[in-house]
């Protein structure tokens, strides 16, 4: 079996090429993840729709409302080197330094990293904790989807076959602060065995509001709502109880990076450290 | 399998080649008798297949050959184009920065990139930059020596009057 490689030059042309019932037709941006699936025979495409030549999907800019607009074709290396990202979402800059290696970051794109729906990624839980959303266009009307609602399951997203992520929007973080902790079983830049993203609104050094998201240990990035509730009510004194609640509420997944039991133990440690890391910054 | 003709620049020279949709850059280079970029892990983790696309390092094993059309592809074979080894190549020899040599072309291309971005990397900065390249002979201390040697040599060459 072979496949065709098509390189549309406009979004409209891309939607036309993607608008089919054939599940083996795929959009292709950086392709670093899809290539692994194709080389191992897990995925055999009939058509790759290469998005790289489509104008208007690149770049990073600060919007009037203080949010960051990041074009879907922005490479992870561009994100890593962006002064705007370092200033308005420093946790992203920090996380990217250990997200795979330089060559992969030179090629992989933020839109593809989210659309792939791979649970073993750093950006989906992190962007979810930052309350980011994706701007989606398609043959029909465009829409916005929160990153948390984008991934619906194991390699499953709420995107239709004729829809594409055109940009990611990170809202102004104002008094919110974030941390991302990743634990790897092999090298530091490996896929995470567990990733924990925490965003806290901790003005006056008391937790006003927060978002806790765990990734990689679960089949999709998972909000720890019960733990959030405990910390909202009890503040930092509830940290131990919140950690216990997280361990009890999450369905952990065994994979090549570790057993579910081990990941459960990791969550206890890393969730506490991530929250503590932010609180310690303010003392 | 249907093959398509593409044109691109290989180490600065225009080239026409026939590629099938499944070919990676490593496949394409082997068909053109360029064996410096080697597929080892096949997953973009080890850096043995490092090449430069429009001046940026990529894993040749993860890039489709068809997508190089119209672009510049630079490989280790282009570094001594004038018949003289590059400063980084010579530094690897002087520092003894390899045993089997399988990973060397990838490391050298990455060190060229590192020194283009940062002319005086600290050992930690060099370790961080090269963390995506693996040397199973574990010549890492000598590779770091080679980075230092090459950095010093490049700076001294810049100071010399033309």
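Listing for the model above:
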read-out	value
Most mobile listed residue (A:243, A:93, A:152) in chain A, GNM with C-alpha springs under 10 Å	A:152
Gyration tensor verdict on region A:115-157 (Cα atoms; rounded if a/c is under 1.5, prolate if a/b is larger than b/c, oblate otherwise)	oblate
In degrees, nearest ten, helix A:225-234 long axis to first principal axis of chain A (Cα)	30
Highest to lowest packing among B:48-54, A:269-275, A:236-242, scored as the average C-beta count within 10 Å	B:48-54, A:269-275, A:236-242
Among beta bridges that DSSP assigns inside region A:1-72, antiparallel share in %, nearest 5	30
Protection proxy ranking of A:136-144, B:103-111 - average other beta-carbon atoms within 10 Å, highest first	B:103-111, A:136-144
Neighbouring partner chain Cβ atoms per residue of B:108-117, average, 10 Å criterion	1
Cα shape, region A:4-50, gyration tensor, a/c 1.5 rule	oblate
Chain A: antiparallel DSSP beta bridges as a percent of all, rounded to 5	85
Peptide-level mean, for B:51-62, of C-beta atoms on other protein chains within 10 Å	4
Rounded to 5, the percent of DSSP beta bridges in chain B classed as antiparallel	90
Shielding score for B:40-50, defined as the mean number of other chain Cβ atoms within 10 Å	3
Segments B:62-72, A:183-193 sorted - mean Cβ within 10 Å per residue, highest first	B:62-72, A:183-193
Shape of region A:83-208, Cα gyration tensor, a/c cut at 1.5	oblate
Cubic angstrom per residue, convex hull over Cα atoms of chain B	114
Sorted by Cβ density within 10 Å, fewest first, the residues B:18, B:129	B:18, B:129
Angle in degrees between helix A:239-249 and the longest Cα principal axis of chain A, rounded to the nearest 10	40
Highest-fluctuation residue, A:80, A:251, A:163 considered, GNM on chain A with Cα pairs under 10 Å	A:251
Folded to 0 to 90 degrees: helix A:260-281 orientation relative to chain A principal axis, Cα	70
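Read the figures in this text as sums done on the coordinates, not as results from a lab. What you see is a predicted model; the values in this text were computed from it and never measured. A quick note on method: Cβ atoms are made from the backbone with ideal geometry, for glycine too, and the neighbour counts reach across all protein chains shown.
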